[in-house]
Amino acid sequence: MKLNIKKIFSKKAANENQDEFDFSRFKNIERFLNEIGGLSRFAGNFFCELFRPPYEHKEFLKQSYNIGLSTLPLIGITAFIMGLVLTLQSRPVMVEFGAESWLPGMVSVSIVREIGPVITALICAGKIGSGIGAELGSMRVTEQIDAMDVSGTNPMNYLVVTRVLATTFMIPILVFYSDAISFFGTYVAVNLHGFISFPLFINQAFDSLHYYDLFPATIKTYFFGFAIGIISCYKGYYSENGTEGVGKAANSAVVISSLAIFIIDLIAVQLSEIIHIFSM
Amino acid sequence: MLKQKININNDIVNTQEAVVQIEHLKKSFNGNSVLKDINMILSEGENVVILGKSGIGKSVLIKCIVGLIYPDSGSLKVFNKEIAEMNPRELNTLRTKVGFIFQGNALYDSMTVKENLEFPLRRNKTITDSHIIEGLIVEALENVGLVDAIDKMPSELSGGMKKRIGLARTLILKPDIILYDEPTTGLDPLTSREISSLILNIQGKYKTSSIIISHDLNCAKITSNRMLILHEGVIRAEGKFDELKNSTDEWISSYFKTD
């Protein structure tokens, strides 16, 4: 009898433990879903404001100029080194297989299809994303965004729409610029171990490129730009807790934008593969 | 501790049309009740100063009036229109009639003084003529005595000058109501007095109604037609400055002790 009572008690205890299930372990998931929901709503607001006047074309041009010009030197240097290193690293393998002459073509395909867009977008996520996150974050904590709100001006239109459009349109241009500089880096690297004339190099490089290399790579750069703009603006726009919050906003703008770039790249690669298979 | 609101002078209000009416307003943050039951009226052409300890919810109250924060319950009417029932367009229209001076000035630091003043004007008024806009900017700066600072950046201005520019930026839309969030905080006594006189002059010139949040008793003395004391989420006392100052109630007079 005693044993039975013990069993009942132990069952009860087990039930009680189930009732007192610790839901706090799901808080991170809840926070993640809240963040996704908030970002989606923010993106929705962006599209609503995009077609609503006044159109802040002056601010858009100013932001485009700032974003484009400020990143040109950094992207230029990185792209040159990227082309140079990629060629130098690939060369021994190509020489081993007696395919040294394919080097310009192989490197150009790698740069145009994958490395150029992704590396450029990651640099932009670091430089532009942190800049936007910190700028809007400091505007939020110093009540400048509230000041726009209470003066009947729509801060979403002036601050967010212009910046997101600027990143969306500037990053593809920066990727083209980066690709061109990388090609030059490749040309220099090829000439370090031999000689190839510039027209022949260009001929070999472009001969390996096809329409389906360039088109998906270009399309995805618009999505990279949009993701960097919208995530950075979202983190900055809703930053809180003073200067500490500004730092966090800038930091998370970079981290989440970088993660988004890889996710978009993964989706883009899968989609372009599917489209390529169906078009063959 | 007072249990009921002490209304020293009931006849001050209700003689003119109310531009802001607040009834049983409540607001809490994360379960912490900040505003428990606020009832107040701002009449046309009146300057009301709200006193209270730091963190008691004074700024929250005026942010509710412009729709920056939404109350949990209660009624908040501005020009007889319920704020909570307004759509974004109506709220934006209302906001052009209600000016807000922020405690930290909130000047746009990437813009010059001229651009700071031009910004709300170009986006809210249908004026496109640059000469008219320039004229309105100069007029607003003349009102605050800072025409010379027109091309300066906010970082080049002193604290008092920033307050004045913030005021000029609000005045440029010719609001009917102005909400001041601690307009003299962080300023020296002389500049505080100048800002207080400026608030009074503006009320006289533009016939505005104002709510002024302040800890500065000199500012309250100069600017107020009526004063409210906010305590533990409710308005505990109400009256003219001298009446509250000379009150026999120890709790009220404690707010006016300077030593």
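Taking residue A:114 as the residue in question, decide whether it is away from chain B (no Cβ under 14 Å), farther than 30 Å from residue B:172 by Cα, touching a residue at least 40 places away in the same chain (Cβ under 8 Å) and of a type in the set (Asp, Glu). Explain how you work it out, then say what you get.
Values: away from chain B (no Cβ under 14 Å): yes; farther than 30 Å from residue B:172 by Cα: yes; touching a residue at least 40 places away in the same chain (Cβ under 8 Å): yes; of a type in the set (Asp, Glu): yes.
Yes, satisfied.
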Per the list (1) away from chain A (no Cβ under 14 Å); (2) buried (at least 20 other Cβ atoms within 10 Å of the Cβ); (3) touching a strand residue (DSSP E or B) at 6+ places or on another chain (Cβ under 6 Å); (4) of a type outside the set (Ser, Thr, Tyr), residue check on residue B:179 breaks on (1)
Would you please list the contacts, defined by Cβ atoms under 9 Å and residues six or more apart or on different chains, that run from a residue in the stretch B:191-217 that is over 11 Å from residue B:45 (Cα atoms) to a residue that is part of a helix (DSSP H, G or I) and aromatic (Phe, Trp, Tyr)?
B:217/B:241
Quick test for you: out of A:137, A:126, A:116, pick the one residue that is in a helix (DSSP H, G or I) and either closer than 13 Å to residue A:237 by Cα or of a type in the set (Asp, Glu) (or both).
A:137
Going by what's in this entry, would residue B:36 be described as of a type outside the set (Gly, Ala, Ser), closer than 28 Å to residue B:250 by Cα and at pLDDT below 90?
no
Can you name the residue in the stretch A:46-64 that is more than 14 Å from chain B (Cβ to nearest Cβ) and assigned to a helix (DSSP H, G or I) and, of all such residues, is nearest to residue A:187 (Cα to Cα)?
A:64
Across the stretch A:127-148, what is the number of residues that are basic (Lys, Arg) and either buried (at least 24 other Cβ atoms within 10 Å of the Cβ) or away from chain B (no Cβ under 11 Å) (or both)?
1
Condition met for residue B:238 (in contact (Cβ under 8 Å) with a residue 12 or more places away in the chain and either surrounded by fewer than 18 Cβ atoms within 10 Å (Cβ to Cβ) or closer than 22 Å to residue B:140 by Cα (or both))
no
Look through the stretch A:149-165, keep the residues that are surrounded by fewer than 23 Cβ atoms within 10 Å (Cβ to Cβ) and assigned to a helix (DSSP H, G or I), and return whichever of them is nearest to the other protein chains (Cβ to nearest Cβ).
A:149
Got at least one residue in the stretch B:192-199 being in contact with a helix residue (DSSP H, G or I) (Cβ under 8 Å, 6 or more places away or on another chain), exposed (fewer than 15 other Cβ atoms within 10 Å of the Cβ), hydroxyl-bearing (Ser, Thr, Tyr) and farther than 27 Å from residue B:34 by Cβ?
yes
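Right, residue A:168: of a type in the set (Val, Ile, Thr), under 17 Å from residue A:114 (Cβ atoms) and away from chain B (no Cβ under 14 Å) or not? Give the derivation first.
On the way: of a type in the set (Val, Ile, Thr): yes; under 17 Å from residue A:114 (Cβ atoms): no; away from chain B (no Cβ under 14 Å): yes.
Considered against the rule, which asks whether it is of a type in the set (Val, Ile, Thr), under 17 Å from residue A:114 (Cβ atoms) and away from chain B (no Cβ under 14 Å), residue A:168 comes out as no.
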Quick one: which of A:275, A:261 is assigned to a helix (DSSP H, G or I) and in contact with a Leu (Cβ under 7 Å, 6 or more places away or on another chain)?
A:261
Could you say whether any residue in the stretch A:180-188 is farther than 30 Å from residue A:56 by Cβ and in contact with a Pro (Cβ under 8 Å, 6 or more places away or on another chain)?
yes
Which pairs do you get when a residue that is free of Cβ contacts under 8 Å to residues at least 60 places away in the same chain, found in the stretch B:166-190, comes within reach of a residue that is assigned to a loop (DSSP other than H, G, I, E, B) and acidic (Asp, Glu), reach meaning Cβ atoms under 7 angstrom, with the pair 6+ apart or on two chains?
B:184/B:216
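The values are calculated or read from the model by the stated rules, or taken from the named source; none is laboratory data. If you're wondering where the values come from, they're calculated on a predicted model, not measured in any experiment. We place every Cβ from the backbone using ideal geometry, glycine too, and count neighbours over all the protein chains shown.
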